[in-house]
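Written out below as structure tokens is the structure these notes cover.
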Amino acid sequence: MRSRATRGTGRACARCSTGVTAAQAGKRVIPDAHTIGELVLHMACWKRRRAPPAGGEKVEVSDAENFSKLASGDAAWRGAREALDRAHQDLVAAVQSLDESKLDKPLVPGGSAGTFSCIGIIQHDLYHAGQIAILKKG
């Protein structure tokens, strides 16, 4: 079940950015809101930083990492989408490797239970996928 849930989220995130050009990804549709490219980079960052850690250490995310700016051009946009895909594949592997007996305990000191951490990452992705779907219309 864990694998199916995380794989499904990855497909939803990939679909939401399908057909988006580099120009669309960098376009600020709503003033003071994030661009599609910034949201894709943000989701990749959080998958990398908030995935169940192998070493059990809490990882902080800097403001600069949290919402990175997307460089202009097709290569940068392709790289952002590839980074999200790689981060998702790594997340799926991390979730699959978790010992089920530890899912009701914090994965890092002071953190949430493993189950809640995994659900939180999925909810986070789906929230931003919804934002991207709306921004695509702009």
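Laboratory data are not the source of any read-out in this text; all were calculated from the coordinates shown. Because the structure is a prediction, the values reported are computed rather than measured. FYI the Cβ positions are ideal-geometry reconstructions off the backbone, even for glycines, and counts take in every protein chain you see.
Some values worked out for this structure:
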| quantity | calculated |
| --- | --- |
| Net lengthening on full extension, SER72/LYS136 (0.36 nm per residue, minus Cα-Cα) | 21.3 nm |
| 0 to 90° range, to nearest 10: angle between helix 114-136 axis and the chain longest Cα axis | 10 degrees |
| Correct option for Rg and Dmax of the Cα atoms in Å [calculated from the coordinates] among (1) 15.3, 46; (2) 31.5, 117; (3) 15.3, 54 | (1) |
| Spacing of the two label points (7 Å from each Cα toward its C-beta) at SER101 and LYS27, in nm | 5.5 nm |
| Separation of the THR18 and ALA113 label points, Cα + 7 Å toward Cβ, nm | 3.6 nm |
| Nearest 10 degrees, 0 to 90: helix 74-97 Cα axis against the chain principal axis | 10 degrees |
| Footprinting exposure proxy for ILE132, ILE36, ILE122, ILE30 (fewest neighbouring C-beta atoms within 10 Å first) | ILE30, ILE122, ILE132, ILE36 |
| Ranking of ASP63, ASP90 by count of other Cβ atoms within 10 Å, fewest first | ASP63, ASP90 |
| Taking THR21, THR35, THR115 and counting other C-beta atoms within 10 Å, the order from fewest to most | THR21, THR115, THR35 |
